[in-house]
Amino acid sequence: MEQDWVKIYTSHDFFKSELVRQVLIDHEIETILMNKQFSAYNMGEVEVYIHQDNFQKALEIIIKNEL
């Protein structure tokens, strides 16, 4: 992964992480979704990463939308 990317959200639920990613994309924040789940059992986490320059804006969006 490139430098200057930070994790903004983690969930065990793939769909919640995808929802967060889509909301951030709708606000023109580039995101990376990293699925660390075991495919057979859906155990593990799904993480959403953003560029650190967008951290404050993304955090405000997540809080405002109660994600």
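Every read-out reported here was derived from the displayed coordinates using simple, explicitly stated rules and does not represent laboratory data. If you're wondering where the values come from, they're calculated on a predicted model, not measured in any experiment. Ideal geometry is used to build each Cβ from the backbone, glycine not excepted, and the neighbour counts take in all protein chains shown.
Using the 2.2 N^0.38 Å rule of thumb for compact globular proteins, work out how the chain stacks up: its C-alpha Rg over that value, please.
Working it through for the chain, the quotient is 1.08.
Which of the peptides 15-24, 55-64, 32-41 is most tightly packed, and how do the rest follow, judged by the mean count of other Cβ atoms within 10 Å per residue?
15-24, 55-64, 32-41
Using θ = phi - 60° and the Karplus relation 6.51 cos²θ - 1.76 cosθ + 1.60, list the HN-Hα couplings for region 37-46 in order, rounded to whole Hz, with x at every Gly or Pro.
For region 37-46, the Karplus curve yields 7, 6, 4, 6, 10, 6, 9, x, 10, 10 Hz.
For the chain, what is the relative contact order in percent, using Cα pairs closer than 8 Å and at least 6 residues apart in sequence?
Details: 97 pairs, mean separation 26.9, N = 67.
Normalised by residue count, the contact order of the chain is 40 percent.
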